[in-house]
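Inspection log for the structure reproduced underneath, given as structure tokens.
The values are calculated or read from the model by the stated rules, or taken from the named source; none is laboratory data. Please read these numbers as outputs of a predicted model, since none were measured by experiment. Note: ideal-geometry Cβ built from the backbone for every residue, glycine included; neighbour counts use all protein chains shown. Heavy atoms of the whole protein, side chains included, go into the accessibility calculation; ligands, DNA and RNA do not. Shrake-Rupley method; radii C 1.70, N 1.55, O 1.52, S 1.80 Å.
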Amino acid sequence: MSKSLNRRLTVAEEAVRKTKRGGVEIVTIVGCLPQPLMYAESGGRGWRREATETYEQFESRAVSEAHAAGLKRVVIGGLPPDFLDPGSLERFLARCDFPEVPPEETA
């Protein structure tokens, strides 16, 4: 593999952190989006972080509910999942500025 590809893979691997608590693996995706971690999902279930919740409270709630449902893994972070709000991705992208991405070309 090229050095460039190796560097990119290393950065991607560092953006995903795995821990385990109470028999539930917690996969946290960090550093990818310019906003706090607001979503979690597991086995088709989803959680949205409340405005008053700290990250630790949110993680604990999602993991506890996943554990109670017999689920083995919770993914926290990433793009807004569809099951929480169908228009969430479009609203998210409208709020964010990605200066490194060139503007969309019109035909």
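For Val30, the amide hydrogen comes within under 5 Å of the amide hydrogens of Val16, Arg17, counting only partners 5 or more places away or on other chains and with H modelled in the peptide plane. For the pair Glu50 and Ala69, label points projected 7 Å from Cα toward Cβ lie 1.8 nm apart. Working from label points 7 Å from Cα in the Cα-to-Cβ sense, the Arg17 to Gln57 distance is 2.0 nm.
The phi torsions of the range 57-65, fed into the Karplus equation with coefficients 6.51, -1.76 and 1.60 and a -60° offset, translate into couplings of 5, 4, 4, 4, 5, 5, 5, 4, 5 Hz, rounded to whole numbers, with Gly and Pro shown as x.
On the range 35-77, 50 percent of the accessible area sits on carbon and sulfur atoms, based on a 1.4 Å probe.
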